[in-house]
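Scroll down for the structure; my scribbles are underneath it.
The values are calculated or read from the model by the stated rules, or taken from the named source; none is laboratory data. Note that the coordinates shown come from a computational prediction; the quantities given were computed from them, not determined experimentally. Glycine also receives a Cβ, built like all others from the backbone with ideal geometry; neighbour counts cover every protein chain displayed.
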Amino acid sequence: MRYLSSICKFTLKTRITMFEKLFLLVKDNAGTAVINNPVIPAKYHEAVINEASSSIIEVLKGQLESGKVKELIKYFQFSGSYNNSLVSSITNRFANKLNTFYNIDPEHALATAKALIPAVMNELVKETKSGEAKEFALGTMLTKLNGNRTDLNPLVNNLMVA
């Protein structure tokens, strides 16, 4: 029982680390879009950054759950020319949250989202390709997004070769 508890704690810690790293990636890119944005009060900066992170996670997770693993892999392989609809979907989700939860008018919400999300996704792709941050290795990241139910590393490796 004690061994199982250690595994659960390790798994939870690893999972949190990936999501925390994503939050920090968003925060690093949030200067103009969030921190220096007069439309977003300072007291909401951290919450808005969290909303951007959760929007990314929700859309990526939704892609996985709807069986679009191959499309996700292609996005991370060929992001410059492939699947701008993924970034648009994340951008729109984030803009909707800004409008709904922070009463930011739709025009400013969308402008804020467009200033932040594409930059973060470009950085996420770079992190994924660099291999430096193990949390952002594509197979590991997708496995974490599916709740560690299935190790997607073999599938990712197989599809990246194709």
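The figures follow:
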{"quantity": "Residues that are closer than 21 Å to residue 28 by Cα, part of a helix (DSSP H, G or I) and at pLDDT below 85, drawn from the range 75-95", "calculated": "76"}
{"quantity": "Residue in the range 54-70 that is among the aliphatic types (A, V, I, L, M), modelled with pLDDT of 95 or more and more than 30 Å from residue 155 (Cβ to Cβ) present", "calculated": "no"}
{"quantity": "Hits in the range 103-162 (condition: of a type outside the set (A, V, I, L, M, F, W, C), modelled with pLDDT under 75 and in a loop (DSSP other than H, G, I, E, B))", "calculated": "131, 132, 146, 148, 149, 150, 151"}
{"quantity": "Test: residue in the range 31-45 that is touching a residue at least 40 places away in the same chain (Cβ under 8 Å), out of contact with any Asp or Glu (no Cβ under 9 Å at 6 or more places or on another chain) and under 30 Å from residue 155 (Cα atoms)", "calculated": "no"}
{"quantity": "Options 126, 70, 61, 144; residue that is surrounded by fewer than 19 Cβ atoms within 10 Å (Cβ to Cβ), within 17 Å of residue 18 (Cα to Cα), touching a residue at least 40 places away in the same chain (Cβ under 8 Å) and among the basic types (Lys, Arg)", "calculated": "61"}
{"quantity": "Per-region count, the range 27-74, residues within 19 Å of residue 105 (Cα to Cα), assigned to a helix (DSSP H, G or I) and among the aliphatic types (A, V, I, L, M)", "calculated": "8"}
{"quantity": "Residue 15 modelled with pLDDT of 95 or more, part of a helix (DSSP H, G or I) and charged (D, E, K, R)", "calculated": "no"}
